[in-house]
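The values are calculated or read from the model by the stated rules, or taken from the named source; none is laboratory data. Since the structure is predicted, the reported quantities are computational estimates derived from the model, not experimental observations. Note that each Cβ is placed from the backbone with ideal geometry, even for glycine, and that neighbours are counted across all protein chains shown. Please note that ligands, DNA and RNA were not included when accessible areas were found on the heavy atoms of the full protein model with its side chains. Shrake-Rupley method; radii C 1.70, N 1.55, O 1.52, S 1.80 Å.
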Amino acid sequence: MHQGLGQLLGSSPALESVRAQVRRIAQLDATVLIEGETGTGKEVAARSVHYLGSRRDRPFVPVNCGALADALVESELFGHERGAFTDAKSSSFGLVSEARDGTLFLDEVDALSLKAQAALLRFLQDGSYRRVGGTGQRRSEARVIVASNANLQALAEARLFRQDLLYRINVLTVRLPPLRERGDDALELAQHFLRRLSAHHHRPAVRFSPGTLQHIRTSAWPGNVRELENFVQRAFLLSDQDDIEVPGHAPAAHPQGEAPNSLKAAKQRAMAELEGDFVRRLLAQSQGNISQAARLAGQDRSAFRRLVKRCGIAPAPGCEPKPTDAP
Ligand SMILES: Nc1ncnc2c1ncn2[C@@H]1O[C@H](COP(=O)(O)OP(=O)(O)O)[C@@H](O)[C@H]1O
Ligand SMILES: [Mg+2]
């Protein structure tokens, strides 16, 4: 299995430094915090820490905290006894137990409610936990890696993230820089994704057109490597010639040809970041309930839902109001 540093490609000094940090951290055994915008490679980095370290033959269990319904977070993580709540027809072990003495990767940790944060803090303090509805103390030897695309210090100052939990997880920190701060890495990565696609589809002669190379170089890539990967895939699939052209229209958030360092691009990025933080904060306050968050924002629900979508935030399943709740 090649899940080590080979997956974290890029020759920029910024990424070279990330690889050096990951190598060092893999040899240590403390909790790790990985920060970075969406699509910067946080999960790739987490897997690298795991597969380069002494736990490489143990389980790696990724958990997307943003996708867990708040009421179920604790039972998903720690398991529950039969009958602990109405739907608990049988007992469950939970993800902590599944990770055994491997690595538990808590992605989007900023999405946890304050109550779930308290449970996580208790667990991180000494590795002990209880199943929901159970009495026995259990112990876990799992290593915990957490990731966040929100700035946890800022959230802590806004009292949306527990400061004591932040101290506890902020022992070893890796920050994944956005793609726009990695020089020519975008080009290098795009060529890598294209080579992989052309090998897979037996089209060895495909190349990016000069216009496409220019687009790759100058785009701000707010969705970072994930967006670039999707772009290359779409361009590849939509072109039936060997010269790959930019397909369709670039999203409005970063008009085609907009220089990444222009004032306009900088304003758009700042606005996107502000909107993202704003929406996440409201969703945290409303425990993921869109209608309630929309009311807090003074917007109607459909406008607010469009904003959520534009920010690339997926509301937790089960938090959408039923059609009968509609005004
Ligand atoms: N440095 C990199 N080299 C190659 N692929 C990368 C790199 N960083 C990210 N990717 C790819 O980009 C996508 C998003 O990465 P991911 O780790 O899920 O980002 P995040 O967790 O920060 O949102 C994945 O398909 C991943 O394989
Ligand atoms: Mg991720």
Whether any residue in the range 28-38 is away from ligand 1 (no atom under 16 Å from the Cβ) and out of contact with any Lys or Arg (no Cβ under 9 Å at 6 or more places or on another chain) is what I want to check. yes
Picked from the range 163-215 (must be over 12 Å from Ile244 (Cα atoms), among the aliphatic types (A, V, I, L, M) and part of a loop (DSSP other than H, G, I, E, B)), the residue most open to solvent (accessible area, probe 1.4 Å) is Val171
For Pro222: the one exception among (1) open to solvent by less than 10 Å² (accessible area, probe 1.4 Å); (2) within 16 Å of ligand 2 (Cβ to nearest atom); (3) assigned to a loop (DSSP other than H, G, I, E, B): (1)
Yes or no: Glu157 surrounded by fewer than 21 Cβ atoms within 10 Å (Cβ to Cβ) and either in contact (Cβ under 8 Å) with a residue 40 or more places away in the chain or of a type in the set (Val, Ile, Thr) (or both)? no
Do the conditions hold for Leu9, that is, is it touching a residue at least 12 places away in the same chain (Cβ under 8 Å) and assigned to a loop (DSSP other than H, G, I, E, B)? yes
Taking only the range 37-55 into account, find how many residues are buried (at least 17 other Cβ atoms within 10 Å of the Cβ) and part of a loop (DSSP other than H, G, I, E, B). 7
Suppose we filter the range 19-36 for residues that are under 20 Å from Val109 (Cα atoms) and without any contact (Cβ under 8 Å) to a residue 40 or more places away in the chain; how many remain? 0
Could you figure out which of (1) within 16 Å of ligand 1 (Cβ to nearest atom); (2) under 16 Å from Val146 (Cα atoms) isn't true of Ala20? (2)
On the basis of being away from ligand 1 (no atom under 13 Å from the Cβ) and under 15 Å from the mean Cα position of the chain (by Cα), does Val44 make the cut? no
Which of the residues that make up the range 7-36 are open to solvent by less than 50 Å² (accessible area, probe 1.4 Å) and not small (Gly, Ala, Ser)? Leu8, Leu15, Val18, Arg19, Gln21, Val22, Ile25, Thr31, Val32, Leu33, Ile34, Glu35
Where a residue in the range 139-150 is assigned by TED's automatic domain parsing to the domain that holds Gly94 and within 13 Å of ligand 2 (Cβ to nearest atom) and its partner, wherever it lies, is among the hydrophobic types (A, V, I, L, M, F, W, C) and not in a strand (DSSP E or B), with Cβ under 6 Å and at least six apart: Ile145/Ala46; Val146/Val109; Val146/Ile169; Ser148/Val109
